[in-house]
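The values are calculated or read from the model by the stated rules, or taken from the named source; none is laboratory data. What you see is a predicted model; the values in this text were computed from it and never measured. Here the Cβ is made from the backbone with ideal geometry for all residues, glycine too, and neighbour counts use every protein chain on show.
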Amino acid sequence: MCGIVGIVSNEQVNQNIYDSLLLLQHRGQDSTGIATMEGSVFHMRKSKGQVKEAYRTRDMRALKGNIGIGHVRYATSGAADREDEAQPFYVNAPYGIILVHNGNLTNTRELEKQLFNIDRRHTNSSSDTEMLLNILATEIQSQISGNSLAEEHIFSAVKSLHKRVEGSYAAIALISGHGLLAFRDPFGIRPLVLGKRSLNNGKNEWILASESLVLENNDFVFVRDVLPGEAVFISNEGEFYSMQCSNEPQLFPCSFEYVYLARPDSVMNGISVYEARLRMGDNLAKTIKKNISSGDVDVVMPIPDSSRPSAMQVARQLGVEYREGFFKNRYVGRTFIMPGQAQRKKSVRQKLNAMSSEFKGKNVLIVDDSIVRGTTSREIIQMAKVAGANKVIFTSAAPPIRFPHVYGINMPSKKELIAYNKSIKEIEANLLADQLVYQEIIDLEDSILNGSSLEHLDLSCFNGNYVTGKVTNEYLDWVESKYIS
């Protein structure tokens, strides 16, 4: 999962890009990058680590230009610890293009052969983002008539790209001397929103970002979500163009955005993330009531922070006291994003501390947003028991994650998923919980879609239905073998 932003302004954009990436830091902590365009000249800085550590004053001064893009990354494709895997990526022809990407391509084996044997293009990393950039460059090159590049050429290139590329992608690119291009995959799996700021001189400034909170904090007005399959082009002068570039666009946004990844103060596809999480708590409470007597629970506690809205509603619906029993160290990264099991396990203890006064002698119901590998959950349950809990009931606001996620979230190996091929009772025993309750898939779907115009979700990690198709068992085995090696 990654966070991306692009801005077209009348002023220097370096500070606005930096501020936007700080707001998107929760979407990736492996690396970050900023690229700006000054006329037809690119300036770029990228580095491993977090935003606040990556850019010095001299770096910011060098990022000149009134158009720019930015990226924060955690690795789902390519190596997490290599700086050359950091985005943006650059190609020098045609014109010069720089691109950032959020998502995961699922036909990289075929694309790699096409790029080398047919397009005669070389990629210098294992990143699917570099592949996406080279395909875009190839398709733009094929559309150029003479020395001119018009918006219709760009949109035709994106149409051809959609036909070649499979998987999830929300991308923003700078085309040297021309402007900014953004596009979203035909299923709209990964988010991308558009904002505008009107100036006194009648001109507009534009922003595209992974989450709506970026728009609000930069004083842009939310315009709309970029549609699945749509491309948006904004010229150097701020002229706005858009076109639907897919023959069969369908909106299947990733359900895990609402469960865990997005900030609660964001709105995606017209749905408030915070309100969706409140409804997850309401629905989870119904399932808890079917399995547990309310008299068996003394307090309800969240695992901070993303499960807090759901936990509040669970406590309210059960009529049980809500308490904060875990103190969070905010200077440690999100444990779900940690690349290795050993590092993930170690970081749980560094990140959370259980306050004994809240646990001693109590039957505690803990609400987490999800259970992926189980490493974090098992550690938390043990922490609660060591702190003196009489009984620990562990609940998840998401259903069991039984299948790999191939669309941009770091769950490539089914063997690492604690729910893979296991019953609820087997998972309960593995976690050492006194009792375990999961959200039902139908209730998660209802929590997110409730009352909205959105009709579908990508629920592939819960039900194994991959919306883009062509995600076969052979492909999943290949991804797993690549991940394990």
* Asked: Could you count how many residues in segment 130-167 are at pLDDT 95 or above and of a type in the set (S, T, N, Q)?
  -> 4
* Exactly one of (1) out of contact with any helix residue (DSSP H, G or I) (no Cβ under 8 Å at 6 or more places or on another chain); (2) at pLDDT 95 or above is unmet by LEU22. Its number? -> (1)
* Asked: What single numbered condition from (1) over 26 Å from LYS290 (Cβ atoms); (2) surrounded by fewer than 15 Cβ atoms within 10 Å (Cβ to Cβ) fails to hold for VAL467?
  -> (2)
* Can you tell me which residues in segment 122-135 are under 14 Å from ALA93 (Cβ atoms), in contact (Cβ under 8 Å) with a residue 24 or more places away in the chain and not hydrophobic (A, V, I, L, M, F, W, C)? -> ASN134
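If a residue counts only when it is crowded, with 16+ Cβ neighbours inside 10 Å, which strands (runs of 3 or more DSSP E) contained entirely in segment 340-434 have at least 3 such residues? Spell out the reasoning first.
Details: elements: 352-354, 363-368, 391-396.
Filter on segment 340-434 gives 363-368, 391-396.
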* Residue list for segment 166-179, restricted to those being on the phi < 0 side of the Ramachandran plot and surrounded by fewer than 24 Cβ atoms within 10 Å (Cβ to Cβ) -> GLU166, SER176, HIS178
* Structure fact -> Within segment 152-194, the count of residues that are assigned to a loop (DSSP other than H, G, I, E, B), of a type in the set (D, E, K, R) and farther than 12 Å from LEU132 by Cα comes to 1
* Structure fact -> When segment 100-129 is checked residue by residue, the ones that are modelled with pLDDT under 90 and outside any loop (DSSP other than H, G, I, E, B) are LEU115, PHE116, ASN117
* Asked: Which of the residues that make up segment 243-260 are touching a Leu at 6+ places or on another chain (Cβ under 9 Å), surrounded by fewer than 22 Cβ atoms within 10 Å (Cβ to Cβ) and either assigned to a strand (DSSP E or B) or among the β-branched types (Val, Ile, Thr) (or both)?
  -> GLN244
* **segment 435-453 - residue that is at pLDDT 95 or above and assigned to a loop (DSSP other than H, G, I, E, B) and, of those, surrounded by the most Cβ atoms within 10 Å (Cβ to Cβ)** => GLN439
* **Members of segment 24-58 found to be in contact with a Lys or Arg (Cβ under 8 Å, 6 or more places away or on another chain), part of a helix (DSSP H, G or I) and of a type in the set (A, V, I, L, M), listed by number** => ALA54
* With respect to ALA398, is the statement that it is under 30 Å from VAL100 (Cα atoms), at pLDDT 95 or above and of a type in the set (A, V, I, L, M, F, W, C) true? -> yes
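From the list ILE393, ILE409, pick out the single residue that is over 28 Å from the mean Cα position of the chain (by Cα) and among the hydrophobic types (A, V, I, L, M, F, W, C).
Numbers: ILE409 fails: over 28 Å from the mean Cα position of the chain (by Cα).
Residue meeting the stated conditions: ILE393.
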* Asked: Can GLY202 be described as on the phi > 0 side of the Ramachandran plot and at pLDDT below 95?
  -> yes
* Quick one: in segment 21-40, which of the residues that are more than 15 Å from the chain's Cα centre (by Cα) and either of a type in the set (Ser, Thr, Tyr) or not assigned by TED's automatic domain parsing to the domain that holds PHE240 (or both) is nearest to ASN102 (Cα to Cα)? -> THR36
